[in-house]
Every structure is written in structure tokens, then in C-alpha cells.
Amino acid sequence: MNPIKQILWSILALFVLLLCVEKTNLDLLVQDVFYSSSTQQWILDTTHPVLHFLLYDGAKAAVIGWELLLLIALVFFRKKAIVKAYRQGITIVLIAIPLSVGVVSALKNSTNIACPYALTHYGGDI
């Protein structure tokens, strides 16, 4: 597929997804699957050390490790055929991961969208 078409389709899909989340209760329906109203607790309790590691610390470490592996491949193995073949894709991933993390972090700090645990529906204050 033409790269411009691919970008346009991706933007359109993102726009449709944002509309679905903002104009429907789809996000709350998904969150309700993971929340027990009777016990007022999340099914996946992140205070449990193993779950906290898997969902937060481990996931961050895996992304950082993947980023480092790609960077090492691009710098030290740039003459290998496989790295040459995928150099552009590796570069895109190396730029996209920190950029997307930064954009999401900036949006979380600047928008008025609460995390699920902060909503009164889930025992929060908002």
C-alpha cells in the first residue's frame, strides 16, 4: 500500500476510534468487565506485586529493552543484510516509541480525562 494512503487510513481509524470512545460508553463497558461492583475492586489488582511487575514495571522494562536492542542492531550491525533490509522500519520504531510515550504523557497531563479508578462508578472521587 502507498505510504500516504496508509497514513491517511491510520488517521481515519484513529479518528473513528476516538469518536467511538468519546460518544459512546464503550470504554466503560470494557472497564466494567474488569471491575467487580459487588466487592468494589478491580479484578486485576495492581497492588499485588506480581501483577504490578507484569503490568507496569515489566512492561516498561520490556519496551526499553526492545528499544535498546533495536538501537544496538542499528548502530553495531548496520552492515548485516537483515538490518540493511529493515533499517527504515527500525528507525521508525526507534522514533515512534519515545514520541508516542511523550505525546500520551503530555495529553494525560493536559486533558481533563480521568483514569477509571478515579471515577465514582469505580470507587473514586470524580
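The values are calculated or read from the model by the stated rules, or taken from the named source; none is laboratory data. Keep in mind it's a predicted model, so treat the numbers as computed, not measured. Cβ: placed from backbone, ideal geometry, glycine included. Neighbour counts: every protein chain shown.
Annotations
- Matching residues in region 1-46 - criterion: being in contact with a helix residue (DSSP H, G or I) (Cβ under 6 Å, 6 or more places away or on another chain), modelled with pLDDT of 85 or more and not hydrophobic (A, V, I, L, M, F, W, C): GLN31, TYR35
- Residue match in region 60-67 (condition: in a helix (DSSP H, G or I), in contact with a helix residue (DSSP H, G or I) (Cβ under 9 Å, 6 or more places away or on another chain), at pLDDT 85 or above and among the charged types (D, E, K, R)): yes
- Residues (touching a strand residue (DSSP E or B) at 6+ places or on another chain (Cβ under 7 Å) and surrounded by fewer than 10 Cβ atoms within 10 Å (Cβ to Cβ)) located in region 1-43: ILE43
- Only one entry of VAL75, VAL101 meets the criterion of being within 30 Å of THR46 (Cα to Cα) and without any contact (Cβ under 8 Å) to a residue 40 or more places away in the chain, and that entry is VAL101.
- Yes/no for ALA96 being modelled with pLDDT of 90 or more, among the small types (Gly, Ala, Ser), at negative phi and loosely packed, with under 10 Cβ neighbours inside 10 Å: no
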